[in-house]
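Just so you know, all these numbers are worked out from the coordinates, no wet-lab data involved. Small disclaimer: the values here were computed from a predicted structure and weren't measured. FYI the Cβ positions are ideal-geometry reconstructions off the backbone, even for glycines, and counts take in every protein chain you see.
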Amino acid sequence: MLPFETPEAFSLPGETQVPDQWWVVFEDPKLNALIDSAFEANLPLKIAWYQFQEAEALVNITASAKVPDVFLQLQSGLSRPEPDFVGGENTQLSLRSNYEVDLWGRIRYSVHAEEFRFIATYYDYKTAAVTLSGEVALAWFRLKATRIQLQLLDEQLITNEQVLALIRNRFASGQVRGVDILRQEQLIASTREQQIALELQQELLENQLSVLLGHPPADVLDAPAQLPDLPPLPLTGVPLQLVNRRPDVQSAFYRLQASDREVAAAISNKYPRLNFSLNAAVRSNSLIGLLESQAISIGSSVLAPIFYGGRLDAQVNQAEAIRQQLLNDYGQTVLIAFQEIEDALIQEAKQRQRIEVIQEQVELAEKTFGQLRVEYLNGSLPYLDVLVTLNQQQQLRRDLINAQLDLLEIRVALYRALAGGFDTERELLMEEIPENQ
């Protein structure tokens with residue numbers, strides 16, 4: 001069915017099996033609680049759930065055509081002058097029924113199409129739950145990283161203030177120029193500006209988390225200033241089998257199945273229809289004598305399309321064009337799934353290398369700053385060299401935190417790309433979960 005050959009393996013095999021609820025591998029109870037709360041109260045997830053229930057109702061509406069329509073009708077009228085016109089009983093109680101024999105499967109195919117769309121919306125809900133879990137995890141890790149950065153900036157401000165005090169003492173004794181004080185004060189002002197930006201980012205992340213949890217913007221759980229250790233790389237397995245577990249791929253597949261049934265229904269619509277009707281009635285000129293006259297009629301009709309101005313053929317062509325669209329949409333969804341997994345695997349490998357290089361730079365910068373500081377205190381070096389190295393060392397430490405956060409975000413993207421879906425509390429309370437047809 002796919003218009004391309006699937007890969008036999010991903011670039012990295014991984015080491016451990018990841019549970020469906022992938023976020024538990026980070027061993028963070030607060031993160032677990034946040035995601036559980038989001039599943040319960042997140043408004044877009046509720047919308048996806050009610051869309052699923054709407055699809056279930058559509059199945060029942062379409063399936064009602066498989067049984068006869070039966071309705072009871074009471075008619076009454078008043079004629080003047082009396083006596084009434086001949087044969088014109090003006091009170092009638094009738095029981096009517098209509099039924100179409102599904103000779104060519106038109107109704108059956110239509111019902112199957114709605115059933116497949118119903119299953120597709122179920123997987124849409126599961127896709128929304130996977131996306132929501134990833135958004136909450138990313139916001140939580142970014143909030144923690146922001147607080148780490150704020151702690152680091154507090155430490156760097158203290159260091160910079162201490163260096164400024166040292167420079168002022170040396171300036172008082174005539175050992176340095178006044179411009180060195182200005183340069184150090186500029187560094188302190190730059191650090192405070194970054195601190196303000198991070199405080200703003202912290203507030204925005206807290207607001208984002210609140211909305212994801214279905215609440216107005218407010219403070220959330222206190223996020224410890226510590227990023228979790230990265231678990232081992234997850235197993236990837238056979239690419240096609242792995243990707244087919246994804247709810248977005250399942251949704252695209254079942255929409256394709258629905259379009260296939262719609263083509264069959266459009267074709268069968270070109271063939272004759274056989275209808276039966278039943279009409280049982282009692283009539284009278286008054287309600288009291290209503291049971292005095294009874295009549296029953298049974299009829300059948302065959303409706304064969306002869307000329308519709310090409311509309312029926314056009315409907316078949318339209319259904320087939322939609323099927324081709326959804327076939328390619330399904331293929332594209334699978335391709336994107338392959339790309340997301342492979343991208344995350346490559347990005348993680350390269351990001352690990354990048355972190356190692358940044359850590360090496362931090363160590364070298366710290367050693368360089370220590371040595372230059374001694375030379376500066378001994379009066380053999382201008383302060384500008386010390387300032388440049390100090391600024392580089394502090395920036396590298398901030399870059400290292402950002403790089404570690406990027407690695408976590410890449411891993412979250414990998415877990416989301418591999419996720420096969422999981423049951424939320426709403427699904428566990430369902431009487432029946434859609435099965436693969």
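A compact table of results
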{"quantity": "Cross-link reach list, lysines versus Lys270, counting only Cα pairs under 22 Å and skipping chain neighbours closer than eight places", "calculated": "Lys66"}
{"quantity": "FRET efficiency estimate (nearest 0.05) - Cβ-Cβ, Leu312 to Leu166, R0 60 angstrom", "calculated": "0.10"}
{"quantity": "Three-way shape call for region 1-71 based on the alpha-carbon gyration tensor, with the a/c threshold at 1.5", "calculated": "oblate"}
{"quantity": "The chain: relative contact order as a whole-number percent, Cα under 8 Å and 6+ apart", "calculated": "26 percent"}
{"quantity": "Karplus-derived HN-Hα couplings along region 179-189 (A = 6.51, B = -1.76, C = 1.60, θ = phi - 60°), whole Hz, x at Gly and Pro", "calculated": "5, 5, 5, 5, 5, 5, 5, 5, 4, 5, 5"}
{"quantity": "Karplus-derived 3J(HN,Hα), 6.51/-1.76/1.60, for each residue of region 339-350, Hz, glycine and proline x", "calculated": "5, 4, 5, 5, 4, 5, 5, 5, 4, 5, 4, 6"}
{"quantity": "Neighbourhood net charge (15 Å Cβ-Cβ; Lys/Arg +1, Asp/Glu -1) for Asn42", "calculated": "-3"}
{"quantity": "Full-extension gain in nm, Ala63 to Glu360, via 0.36 nm per residue minus C-alpha separation", "calculated": "100.2 nm"}
{"quantity": "Under 5 Å, built H, 5+ apart or other chain: amide partners of Leu235", "calculated": "Glu15, Thr16, Gln17, Val18"}
{"quantity": "Calculated FRET efficiency for the pair Arg192/Thr6, C-beta based, R₀ 41 Å, to 0.05", "calculated": "0.15"}
{"quantity": "Cut-off under 5 Å, modelled amide H: who pairs with Leu103 long-range", "calculated": "Leu274"}
{"quantity": "Modelled FRET efficiency - R0 35 Å, Glu320 with Leu278, Cβ distances, 0.05 increments", "calculated": "0.40"}
{"quantity": "Selection from Ala314, Ala266, Gln347 lying farthest towards where the dipole of the chain points positive, charges on Cβ", "calculated": "Ala314"}
{"quantity": "Helix axis angle, 43-63 relative to the chain longest principal axis, alpha carbon, degrees", "calculated": "20 degrees"}
{"quantity": "Contact order relative to length of region 153-214, as percent, for alpha carbon pairs under 8 angstrom and 6 or more apart", "calculated": "36 percent"}
{"quantity": "Tilt relative to the chain, helix 29-41 - C-alpha long axis, 0 to 90 degrees, to 10", "calculated": "30 degrees"}
